[in-house]
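Novice: Here it is, the structure in full.
The values are calculated or read from the model by the stated rules, or taken from the named source; none is laboratory data. None of the values given here were measured: they were computed from a predicted structure. Note: ideal-geometry Cβ built from the backbone for every residue, glycine included; neighbour counts use all protein chains shown.
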């Protein structure tokens, strides 16, 4: 392929040649009659220019057209010297006639070539474009690269776009980006080039450099090209996240607002990151700086935004008051959180009936948790938030009672009111021990009969099953277990010996007996470990019993370890069984009598 | 005009081949971001754990009886 500079020089020379040809023809000479094209080009020769006679390739340009042809420089006719007798065909008139004929023939050929050349290049371009459309990227890239410089400007830009697209599809991202970026600089108005360039940069997670390209599209109202609007949403979200994590709160808030405006990821924008005051207030709360937090949340409240922002202001102020730890906080927190709930959940009840301790089977629980997990993320987030606020609000009620600013007058009202508030914190999306712990403890302290005590214990057992391990809780449960064992033993003994129901005195006076219900593996291991530690601490104080005690402790440790291994084996078998039939259990394919359908 | 329409058609076809842009947020980054969200840190900010809940209940229980007299 000819170098463009060399080609331009050649073209210039040919044009000069044509000028010389024209200049060599006397301006006054009449053109020779010719059967060729009617057009004759006559150009005055520049002063002082000479060229030997001969044939030259020449190019004519103008009016948006370009013609390449062949012209001749004719020998100049002597003007002063006497001329020899003229041959019939060799006089100046004959030379001019010959030159004109050649020139006209050249122009004809030029016109032919002028139309044939671009047409063939256009056909070649269309063929290559078709290859790109057919996904034959590798084949198209080479041809487009070779051809692009020979194309007129409009097609040249198109060829470069196609080349960039093909390179992108081939995974040559560096080269594709290089070419598309150059094209974008030269023609920033091309929306397709801008979109493809931004898309490529997003794929490389180069969000900073994708942003200005998309911002330009946005300014020109061209986010309709491809999926530019969605792409811009991705970019703004990513940049907002970075700004937030780097502490550039103003930038983060602005960018998140833009994500909301663009629309596609509106529901992914955290509600509280739409406001600078909320972000700064939250950070102050996490930094244990309630004074600063109060300032930001009061600003937000006074700004009078929408319900959602007012809900955040109430929540932020509620948490601030809770953290300030001043007298009367419980009542104020309860009021603020109640306001927050009214704004967040205007149709939701402020309280719910307390369901009591859980009674469902494992299969029910698995099924329920699975259903909750299938809910949309936004719904789960909302349920979790409401549960958290209701839990804190219930605890604020208890706190107000403790601070002697009670919102409810009597202990029974406190129990009922707390349970009704914490019932809302029992959510499927996250199982918390806290509601059972608080309500169970309150009920345990207020229990007036055995039935209420049993309910309290069941609630505390639920809290334990959900992870509560506080010593006070464990002490209550262990005490209850010991009493139960004692009652069972007395009942069993009396029924066997005397054939009568034991009295209260029989039960309360009964001596401690060995365990009746089976201990858990964990309990046995903990006890064995504790005994071994105590034995070690006693050391030589054991005297004659030392050797026997040490042997028993070693045996206990060994048997506990064996028990743990066996329990794990049982669990493994259980897991296999569940894997085999778990789906049918959940689908309810079992009849009441346990037989499969 | 015909050529322009052809180019427009071709561009639309090619750009349609690009996958739909998705928001791919790194889990850690997302967690950092969420940590700045007030609604995600209610219990953390309140430092409400089992020990505090039990302390609240015990403080309230200490007033039982007094409330009845009031």
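Novice: I need the full set of residues from region B:12-42 which are at pLDDT 85 or above, within 7 Å of another protein chain (Cβ to nearest Cβ) and surrounded by 18 or more Cβ atoms within 10 Å (Cβ to Cβ), in order please.
Specialist: Of everything in region B:12-42, those that are at pLDDT 85 or above, within 7 Å of another protein chain (Cβ to nearest Cβ) and surrounded by 18 or more Cβ atoms within 10 Å (Cβ to Cβ) turn out to be B:14, B:15, B:18, B:21, B:37, B:38, B:39, B:41, B:42.
Novice: Let me ask another. Looking at region A:138-162, which of the residues that are assigned to a helix (DSSP H, G or I) and within 12 Å of chain B (Cβ to nearest Cβ) is surrounded by the fewest Cβ atoms within 10 Å (Cβ to Cβ)?
Specialist: In this case the residue turns out to be A:154.
Novice: Hey, another quick one. Would you check if there is a residue in region A:402-414 being in contact (Cβ under 8 Å) with a residue 12 or more places away in the chain, buried (at least 16 other Cβ atoms within 10 Å of the Cβ) and either more than 13 Å from every other protein chain (Cβ to nearest Cβ) or under 39 Å from the mean Cα position of the chain (by Cα) (or both)?
Specialist: no
Novice: Tell me whether region A:245-252 contains one or more residues that are more than 10 Å from chain B (Cβ to nearest Cβ) and in contact with a helix residue (DSSP H, G or I) (Cβ under 7 Å, 6 or more places away or on another chain).
Specialist: Within region A:245-252 (the criterion being more than 10 Å from chain B (Cβ to nearest Cβ) and in contact with a helix residue (DSSP H, G or I) (Cβ under 7 Å, 6 or more places away or on another chain)), the answer is yes, since at least one residue qualifies.
Novice: Given the structure, is residue A:306 over 26 Å from residue B:22 (Cα atoms) and either surrounded by fewer than 16 Cβ atoms within 10 Å (Cβ to Cβ) or touching a strand residue (DSSP E or B) at 6+ places or on another chain (Cβ under 6 Å) (or both)? Before the answer, list the steps.
Specialist: Values: over 26 Å from residue B:22 (Cα atoms): yes; either surrounded by fewer than 16 Cβ atoms within 10 Å (Cβ to Cβ) or touching a strand residue (DSSP E or B) at 6+ places or on another chain (Cβ under 6 Å) (or both): yes.
In short, yes.
Novice: Kindly indicate the residue of region A:467-501 that is part of a loop (DSSP other than H, G, I, E, B) and modelled with pLDDT of 65 or more and also farthest from the chain's Cα centre (by Cα) among those meeting that condition.
Specialist: Taking region A:467-501 and keeping what is part of a loop (DSSP other than H, G, I, E, B), we get A:467-470, A:499-501.
From the residues that got through so far, the ones that are modelled with pLDDT of 65 or more too are A:467-470.
Working: A:467: 32, A:468: 35, A:469: 37, A:470: 39 Å.
Result: A:470.
Novice: I'd like to check something: does region A:323-343 contain any residue that is surrounded by fewer than 16 Cβ atoms within 10 Å (Cβ to Cβ), farther than 30 Å from residue A:581 by Cβ, at pLDDT 90 or above and facing another protein chain (nearest Cβ under 10 Å)?
Specialist: No, the conditions are met nowhere in region A:323-343.
Novice: Then there is this: Look through A:308, A:388, A:302, A:347 and report the one residue that is out of contact with any helix residue (DSSP H, G or I) (no Cβ under 8 Å at 6 or more places or on another chain) and in a helix (DSSP H, G or I).
Specialist: Details: A:308 fails: out of contact with any helix residue (DSSP H, G or I) (no Cβ under 8 Å at 6 or more places or on another chain); A:388 fails: out of contact with any helix residue (DSSP H, G or I) (no Cβ under 8 Å at 6 or more places or on another chain); A:347 fails: in a helix (DSSP H, G or I).
Only one candidate passes the filter, namely A:302.
Novice: Quick one: what pairs do we get from region A:248-259, first residue touching a residue at least 12 places away in the same chain (Cβ under 8 Å), second outside any helix (DSSP H, G or I), C-beta under 7 Å, 6+ apart or different chains?
Specialist: Matching pairs, first to second residue: A:253/A:275; A:256/A:269; A:259/A:265; A:259/A:269.
Novice: Same structure, new question: Considering only region A:257-280, state which residues are more than 22 Å from residue A:295 (Cβ to Cβ), within 10 Å of chain B (Cβ to nearest Cβ) and assigned to a helix (DSSP H, G or I).
Specialist: Hits for region A:257-280 are A:259, A:268.
Novice: Have a look at A:387, A:375 and point out the one that is within 24 Å of residue B:31 (Cα to Cα), buried (at least 22 other Cβ atoms within 10 Å of the Cβ) and either free of Cβ contacts under 8 Å to residues at least 60 places away in the same chain or within 31 Å of the chain's Cα centre (by Cα) (or both). Don't jump to the end; show me each part of the working.
Specialist: Working: A:375 fails: buried (at least 22 other Cβ atoms within 10 Å of the Cβ).
Only one candidate qualifies: A:387.
Novice: If I filter region A:318-332 down to residues being more than 14 Å from residue A:406 (Cβ to Cβ) and assigned to a helix (DSSP H, G or I), which single residue comes out as nearest to the chain's Cα centre (by Cα)?
Specialist: Step one: filter region A:318-332 for residues more than 14 Å from residue A:406 (Cβ to Cβ), giving A:318-326.
Okay, now just the ones that are also assigned to a helix (DSSP H, G or I), so A:318-324.
Numbers: A:318: 31, A:319: 30, A:320: 32, A:321: 35, A:322: 34, A:323: 33, A:324: 36 Å.
Top of the filtered list is A:319.
Novice: Restricting attention to region B:43-65, and to residues there that are outside any helix (DSSP H, G or I) and more than 7 Å from chain A (Cβ to nearest Cβ), which single residue is farthest from residue A:319 (Cα to Cα)? So that I can check it myself, show each step before the final result.
Specialist: Restricting attention to region B:43-65, the residues satisfying the condition of being outside any helix (DSSP H, G or I) are B:47-49, B:62-65.
Next, from what is left, pick out any that are more than 7 Å from chain A (Cβ to nearest Cβ): B:47, B:49, B:62, B:65.
Values: B:47: 10, B:49: 15, B:62: 25, B:65: 30 Å.
Restricting to residues being outside any helix (DSSP H, G or I) and more than 7 Å from chain A (Cβ to nearest Cβ), the top hit is B:65.
Novice: Scan region A:428-443 residue by residue and report those that are outside any loop (DSSP other than H, G, I, E, B) and surrounded by fewer than 21 Cβ atoms within 10 Å (Cβ to Cβ).
Specialist: If the condition is that a residue be outside any loop (DSSP other than H, G, I, E, B) and surrounded by fewer than 21 Cβ atoms within 10 Å (Cβ to Cβ), then A:430 is the only one that fits.
Novice: Of everything in region A:444-459, what is closer than 20 Å to residue B:60 by Cβ and assigned to a helix (DSSP H, G or I)? Give them in sequence order. Before you say what the answer is, go through the steps one by one.
Specialist: Filtering region A:444-459 for residues closer than 20 Å to residue B:60 by Cβ gives A:444-448, A:452-453, A:455-457, A:459.
Listed by number, the residues that qualify are A:444, A:445, A:446, A:452, A:453, A:455, A:456, A:457, A:459.
Novice: Shifting gears a bit: Hey, among the residues in region A:226-241 that are modelled with pLDDT of 90 or more and either in contact with a strand residue (DSSP E or B) (Cβ under 9 Å, 6 or more places away or on another chain) or closer than 16 Å to residue B:34 by Cα (or both), which one's farthest from the other protein chains (Cβ to nearest Cβ)?
Specialist: The selected residue is A:239.
Novice: Let me ask another. Does residue A:402 fit the bill of being modelled with pLDDT under 95 and over 21 Å from residue A:315 (Cα atoms)?
Specialist: Details: modelled with pLDDT under 95: yes; over 21 Å from residue A:315 (Cα atoms): yes.
When the stated conditions are applied, residue A:402 passes them.
Novice: Have a look at A:201, A:185 and point out the one that is more than 10 Å from every other protein chain (Cβ to nearest Cβ), crowded, with 22+ Cβ neighbours inside 10 Å and either under 24 Å from residue A:219 (Cα atoms) or under 25 Å from the mean Cα position of the chain (by Cα) (or both). Step through it out loud before you land on a result.
Specialist: Working: A:185 fails: crowded, with 22+ Cβ neighbours inside 10 Å.
Exactly one of A:201, A:185 is more than 10 Å from every other protein chain (Cβ to nearest Cβ), crowded, with 22+ Cβ neighbours inside 10 Å and either under 24 Å from residue A:219 (Cα atoms) or under 25 Å from the mean Cα position of the chain (by Cα) (or both), namely A:201.
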